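Participant: Provided herewith is a single structure, encoded as structure tokens, for subsequent inquiry.
The values are calculated or read from the model by the stated rules, or taken from the named source; none is laboratory data. Since the structure is predicted, the reported quantities are computational estimates derived from the model, not experimental observations. A quick note on method: Cβ atoms are made from the backbone with ideal geometry, for glycine too, and the neighbour counts reach across all protein chains shown. In case anyone asks, the SASA skips ligands and DNA or RNA and just uses the protein heavy atoms, side chains included. Shrake-Rupley method; radii C 1.70, N 1.55, O 1.52, S 1.80 Å.
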There are 2 protein chains.
Amino acid sequence: MADDGPRRDAALVALDWGTTTFRAWLLDDTGSVLDSVRTADGALTISGRSDSARVRALAFEEAFRRLCLTWLDEHPGVPVLCAGMAGSNHGWADAGYLDVPADLVELAEHLTVVPAGESVVHLVPGLRVDRPDPDVLRGEEVQLVGALAEVADGPATVVLPGTHSKWVRLDGTRVTGFTTAMTGELYGLLMRDSILARLATGEPGTAVTEAFTRGLDAEDARGEERGLAALLFTARPLALAGRLDPSEIADYVSGLLVGSEVRHMLRGTPAGVVALCGPPATEHRYRFALERGGASVRTVGEDAAARGLWGIALDAGLAVRPPTTSATTPPSNPARKDQPA
Amino acid sequence: MADDGPRRDAALVALDWGTTTFRAWLLDDTGSVLDSVRTADGALTISGRSDSARVRALAFEEAFRRLCLTWLDEHPGVPVLCAGMAGSNHGWADAGYLDVPADLVELAEHLTVVPAGESVVHLVPGLRVDRPDPDVLRGEEVQLVGALAEVADGPATVVLPGTHSKWVRLDGTRVTGFTTAMTGELYGLLMRDSILARLATGEPGTAVTEAFTRGLDAEDARGEERGLAALLFTARPLALAGRLDPSEIADYVSGLLVGSEVRHMLRGTPAGVVALCGPPATEHRYRFALERGGASVRTVGEDAAARGLWGIALDAGLAVRPPTTSATTPPSNPARKDQPA
């Protein structure tokens, strides 16, 4: 999807190479998107079952050159910045972790370099929190950088819903902690293989339906007293009694799970604005549940990853902000907003 | 497994025909077990995908006659009492439900009769509770009758752990309410197909291991604040950080799930004795978690179902207690203990 208008120079290939999805953007020297790609070549597929780091590295390099062939041909030597599971210890190369608390501006200072033909690829580290129950994230750190513009100075919370939802606490550009909830994965397991799946009909939805809010209500009223494993089962007797339509089971279960996640996690969240950063598929339901729980929600667009990668590239000197000669204000790296230019 | 000693007369074939398991006992006229059978011919297998009640009934009759062939040949016309999913609306015949609150002695007054060659089979109804979130049980009602001997008069709680754990509140022989938690099913889904299963090694255990109690501890310390979906995920970063051995993941997850169920459900449970009625595979862990939560636990043996079926057969007049001429005290139906003999 090349933009219209005069041809601008490509300044960066930005990759968000997750477990199941490969996303890539070709950015110009203002950080605007010239072209983008999204495929199912996730890191899990690429790394396969190989125990050899060298074999895996070659597989990632080959996949990268294949998936970005046109861009690399047209812009030989363009710098590449890559986040996500490609930087895990079973990925292209181990990009390591920054220990939390960590400032997001430090990401640019800890890139791991791997060669890929004429290009040099820079891998972004993940974040790690050391607690009695530790936690890790990888890939979400660039979304956090991209979300900073929506976050006030001082304590704030960013919620990234998904298979493994992340609740990240920030203080300015500093990540002070985070917690993962495997809400999306539980939902998938339940609606694919459980006794509830046998009763359910239709496709899982993404809208705030009556059945979804019914799940939220039930969780709110009885989650504290009965716990999640009991609430989930209620879908079955409700359906057997004809009080929940088979087509509503998935939405009801989604309401129970999202309700439980949001109710528990909002407890440890300072009041105020929550920045919500997720794909449209989960955005409506999380926004609804968060606002119902008393949070004031700001939505961060799906391109947060591309914006974050551009910001890190500027900080790392991989890309250079052009002199401001045009009317276009170049996007500044929000992670630097509190620092002298 | 015929008993030694003089041959006694068979008085009842007692069936607990569950979703995945068929259990049968041949009982003598004191309610003692002469022989028993346990197979994987669960009701789900027998009923198959047939929408025809007549086709299903024939399939159940055929399976019953095959599985109990020797008994029926040796004791033609022996009465048969059957509990479990065979009495569901997708089973042999719909045995209906008693609405809770209900007295367990009423079960014997609401049997559903189906013919099976020379025998007559009596199906036991299930129990149903009508709430904003309704609940049902089927099969556990005979275990409750069998457990009554372990339960004090007045308010009491019976816990039946399993794929779908049941927490039943009794007042004497009266069932006043119950709640189901799908703890065992969640455990199965997680350890078979989730991201945690990919890291885990070894077979799930049943003992109270250090990893199991670590799961209980974690749930106790942080379940309230973070919720179950977040706690479950912690197994992954713990394992990645080398702080949880891959062989310990299943036990740790079991501790989180059992801990969450017990902590929530004990809240609505009057203090005092809890009767625990489950297979040995779950008994140790639930006993440990319950006692840790302050409950005083009495274990009800695995034969509670056979004892309960015998008691209901006596109440229904299907079996007759012989005149007390021997030194053996015949087991009385505990559901009748507060009534004149």
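Participant: Run the numbers on the range B:203-236: which residues show a drop of 10 Å² or more in accessible area, chain on its own versus all protein chains together, using a 1.4 Å probe over heavy atoms?
Facilitator: B:222, B:224, B:225, B:226, B:227, B:228, B:229, B:230, B:232, B:233, B:234, B:236
Participant: Treat every Asp and Glu Cβ in the protein assembly as shown as -1 and every Lys and Arg Cβ as +1, leave all other atoms uncharged, and give the resulting dipole magnitude about the Cα centre to the nearest 20 debye. All intermediate terms of the calculation are to be shown ahead of the outcome.
Facilitator: Details: 64 positive and 92 negative charges, 35 e Å.
Computed charge dipole of the protein assembly as shown: roughly 160 debye.
Participant: Could you run the numbers on buried accessible area between A and B, total for both chains, 1.4 angstrom probe, in Å² to the nearest 100? Walk me through the numbers before you get to the answer.
Facilitator: Working: alone 15910 and 15940 Å², together 27970 Å².
Buried area (both sides, nearest 100 Å²): 3900 Å².
Participant: Something else now. Starting from a label point 7 Å past Cα on the Cβ side, list the distances from residue A:217 to the same position in the other copies, nm, shortest first.
Facilitator: Distances to the matching label points in the other copies: 4.3 nm.
Participant: Turning to a different aspect of this structure: Which one, B:264, B:110, B:75, has the greatest fluctuation when you compute a Gaussian network model over chain B with C-alpha springs under 10 angstrom?
Facilitator: Checking each option, the largest mean-square fluctuation is seen for B:264.
Participant: Also: Taking Cα centroids, how far is the range B:37-106 from the range A:97-161 in Å?
Facilitator: Each part reduced to its Cα centre gives a spacing of 59 Å.
Participant: Calculate the dipole size of chain B relative to its Cα centre from +1 charges on Lys and Arg beta carbons and -1 charges on Asp and Glu beta carbons; express the result in debye to the nearest 20. Each step should come with its number before you reach the end.
Facilitator: Details: 32 positive and 46 negative charges, 128 e Å.
Around 620 debye, computed over chain B.
Participant: Let me ask something else about it. Considering only B:252, B:265, B:189, whose Cα is most displaced toward the positive end of the charge dipole of the range B:183-300, charges sitting on Cβ of Lys, Arg (+1) and Asp, Glu (-1)?
Facilitator: Farthest towards the positive end: B:265.
Participant: Compare A:131, A:192, A:54 in a GNM of chain A, Cα atoms joined below 10 Å, and give the one with the largest fluctuation.
Facilitator: Its mean-square fluctuation being the largest, the pick is A:131.
Participant: Moving on to the next point. List the distances, in nm to one decimal, from the label point of residue B:44 to the label points of the same position in every other copy, shortest first, placing each label point 7 Å from Cα along the Cα-to-Cβ direction.
Facilitator: Shortest to longest, the spacings are 2.4 nm.
Participant: Using the Karplus equation 6.51 cos²θ - 1.76 cosθ + 1.60 (θ = phi - 60°), what ³J(HN,Hα) coupling, rounded to whole Hz, does each residue of the range B:273-284 give in order, writing x for Gly and Pro?
Facilitator: Each residue of the range B:273-284 in turn: 6, 10, 8, 10, 10, x, x, x, 4, 10, 4, 4 Hz.
Participant: Taking a probe of 1.4 Å, how large is the accessible area per residue of the protein assembly as shown, in Å²? Kindly include the intermediate steps, with their values, before the conclusion.
Facilitator: Values: 27970 Å² over 682 residues.
Heavy-atom SASA per residue in the protein assembly as shown reads 41 Å².
Participant: What's the extension gain from residue A:103 to residue A:198 if we count 0.36 nm per residue and subtract their Cα-Cα distance?
Facilitator: Values: separation 95, 0.36 × 95 = 34.20 nm, distance 4.70 nm.
Gain in length upon complete extension: 29.5 nm.
Participant: For the range A:96-126, list residues with backbone N below 20 Å from a point placed 7 Å from the Cα of residue A:53 toward its Cβ?
Facilitator: Output list for this probe position: A:96-99, A:110-117, A:120-126.
Participant: Rg(Cα) of chain A divided by 2.2 N^0.38 Å?
Facilitator: Working: Rg = 21.4 Å, N = 341, 2.2 N^0.38 = 20.2 Å.
Ratio of Cα Rg to 2.2 N^0.38 Å: 1.06.
Participant: Same structure again: Do the sum for the protein assembly as shown: with -39,500 (n - 2.57) for every DSSP H run of n ≥ 4, divided by all residues, what is the mean residue ellipticity at 222 nm, to the nearest 500 deg cm²/dmol?
Facilitator: -11000 deg cm²/dmol
Participant: Related question: State to the nearest 20 debye the size of the charge dipole of the range B:41-198 about its Cα centre, where the only charges are +1 on K and R beta carbons and -1 on D and E beta carbons. Write out the running numbers ahead of the final one.
Facilitator: On the way: 13 positive and 22 negative charges, 117 e Å.
For the range B:41-198, the charge dipole is close to 560 debye.
Participant: Please report the net charge: other residues with Cβ closer than 12 Å to the Cβ of residue B:251, K and R +1, D and E -1.
Facilitator: Values: positive: B:214, B:285; negative: B:203, B:210, B:245, B:248.
Taking every Cβ under 12 Å from that of residue B:251, the sum is -2.
Participant: Before anything else, pin down the relative contact order of chain B: Cα pairs under 8 Å, at least 6 apart, normalised by residue count, whole percent.
Facilitator: Working: 669 pairs, mean separation 59.0, N = 341.
Here the relative contact order equals 17 percent.
Participant: Choose one answer from B:84, B:117, B:255: the residue with the largest mean-square fluctuation in a GNM of chain B with alpha-carbon springs under 10 Å.
Facilitator: Looking only at B:84, B:117, B:255, the biggest GNM fluctuation is shown by B:117.
Participant: If each Cα of the protein assembly as shown is one equal point scatterer, what is log10 of I(q)/I(0) from the Debye formula at q = 0.08, 0.10, 0.12 Å⁻¹?
Facilitator: Per q value, in the given order, log10 I(q)/I(0) is -0.70, -0.95, -1.21.
Participant: Once the label point is set 7 Å along the Cα-to-beta-carbon vector, what list of distances in nm do you get between residue A:272 and its counterparts in the other copies?
Facilitator: Its label point is 5.1 nm from the equivalent points in the other copies.
Participant: Between beta-carbons, use under 15 Å as the cut-off and find the net charge around residue B:300, counting Lys and Arg +1, Asp and Glu -1. Walk me through the numbers on the way to the answer.
Facilitator: Numbers: positive: B:166, B:287, B:298, B:307; negative: B:16, B:140, B:141, B:150, B:283, B:302, B:303.
Charge balance in the 15 Å sphere: -3.
Participant: So, one more: Quote the relative contact order of the range A:4-163 in percent (integer), defining contacts as alpha-carbon pairs under 8 Å separated by 6+ residues. Before the final figure, lay out the partial values.
Facilitator: Details: 280 pairs, mean separation 29.0, N = 160.
The value is 18 percent.
Participant: Where the accessible area of the protein assembly as shown is counted over protein heavy atoms with a 1.4 Å probe, how much of it, in %, is carbon and sulfur?
Facilitator: Numbers: 14190 of 27970 Å².
Carbon and sulfur atoms account for 51 percent of the accessible area of the protein assembly as shown.
Participant: Cα gyration tensor of the range B:238-283, axes a ≥ b ≥ c as square roots of the eigenvalues: rounded (a/c below 1.5), prolate (a/b > b/c) or oblate? All intermediate terms of the calculation are to be shown ahead of the outcome.
Facilitator: Details: a/c = 4.81, a/b = 2.05, b/c = 2.35.
Cα axes put the range B:238-283 in the oblate bin.
Participant: Determine the shape class of the range A:202-256: with a ≥ b ≥ c the square roots of the Cα gyration tensor eigenvalues, call it rounded for a/c under 1.5, and otherwise prolate if a/b is greater than b/c, oblate otherwise. Write down the numbers at each step before the final one.
Facilitator: On the way: a/c = 2.04, a/b = 1.30, b/c = 1.56.
Cα axes put the range A:202-256 in the oblate bin.
Participant: Compute the distribution of all C-alpha to C-alpha distances in the range B:183-300, in bins of 10 Å from 0, and list the percent of pairs in each, rounded to whole numbers.
Facilitator: For the range B:183-300, the pair-distance distribution reads 14, 48, 30, 8, 0.
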